[in-house]
């Protein structure tokens, strides 16, 4: 009996030793970094969640664990759970504590996803007070204003149109302001520059929009090199050309975007893309859809003359007549 008790105590001690690493924040950070490096996005988030759930059992009051849990829940779309995890962090810290900034930023994202603009702005503003030079916080403030502008409901009465127009312009102006401030701190942010391009399109500033999407295409980052990112950039660049009055160049960029989308093998998305391009062609009264790499196009030269920044950025080589066909192996 004594031997059995000693064995049981030894087994418990051994199991305890196996879970002690979860008590160590340094070990937890190392584990999460390893998961980020070795797994795909969805699998990575689920593996992180499993690791963090185990860590929460061992450290129910850990700020780090609950912050990471909130971020992981947010990545998986579990908004209510994410909010709960971030609130645990704020209960452990004061809102004036700089360490609370990530939780405040997370809550801003949660409420933005839930279309609660005032709450989202409030949390983002609280995070901004803690660090006015944080690129993620500035980007989040821009996201709040941009998303809020997209969800404005156009009035049915013409006499109310002026108010709608002013509110939309106000939100777009603030979105652009915060995105620019964020890019001044970290110029190579892919998503922030993309969002700024959206703002310029909405503001009917095609040259400024084209400049942002060209910069996106010239970024040397893994995200910028993904086919899914590149076809969206080319599509929006095509919209900027059309908005600026360069119909042939716009169709050429849209055609290149469709070619890139075909590589994703998403047939439904490819079909929708071609329907959208056909609609744009008819809307702008263009007779044919130009193909990337086809006959020399005077309008492409006209774009670079009218918007010299694009020539400096050198982002239009894929549309030149001598451009090599894009292939999966070229990335």
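Laboratory data are not the source of any read-out in this text; all were calculated from the coordinates shown. Computed from a predicted structure; not experimentally measured. Note: ideal-geometry Cβ built from the backbone for every residue, glycine included; neighbour counts use all protein chains shown.
Counted by neighbouring Cβ atoms within 10 Å, the residues 170, 190, 246, 241 run from fewest to most as 170, 190, 246, 241. When each of 141, 313 is scored by the number of other beta-carbon atoms lying within 10 Å, the sequence from fewest to most is 313, 141. Okay, which of segment 82-121 sit inside 14 Å, backbone N to the point 7 Å along the Cα-Cβ direction of residue 131? Under 14 Å, as judged by backbone N against the label point of residue 131, lie 97-106 of segment 82-121. Rounded, prolate or oblate: which fits segment 117-178 when a ≥ b ≥ c are the square roots of the eigenvalues of the alpha-carbon gyration tensor, with rounded for a/c under 1.5 and prolate only if a/b beats b/c? Cα axes put segment 117-178 in the prolate bin.
Neighbour counts of C-beta atoms inside 10 Å place 199, 88 in the sequence 88, 199, starting with the fewest. Principal axis extents of the C-alpha atoms in segment 80-189 (largest first, rounded to whole Å): 51, 33, 21. Based on every Cα atom in segment 129-253, Rg and the maximum pairwise Cα distance Dmax equal 15.5, 48 Å. A full extension of the chain between residue 57 and residue 151 corresponds to an added length of 29.8 nm, given 0.36 nm per residue minus the alpha carbon distance.
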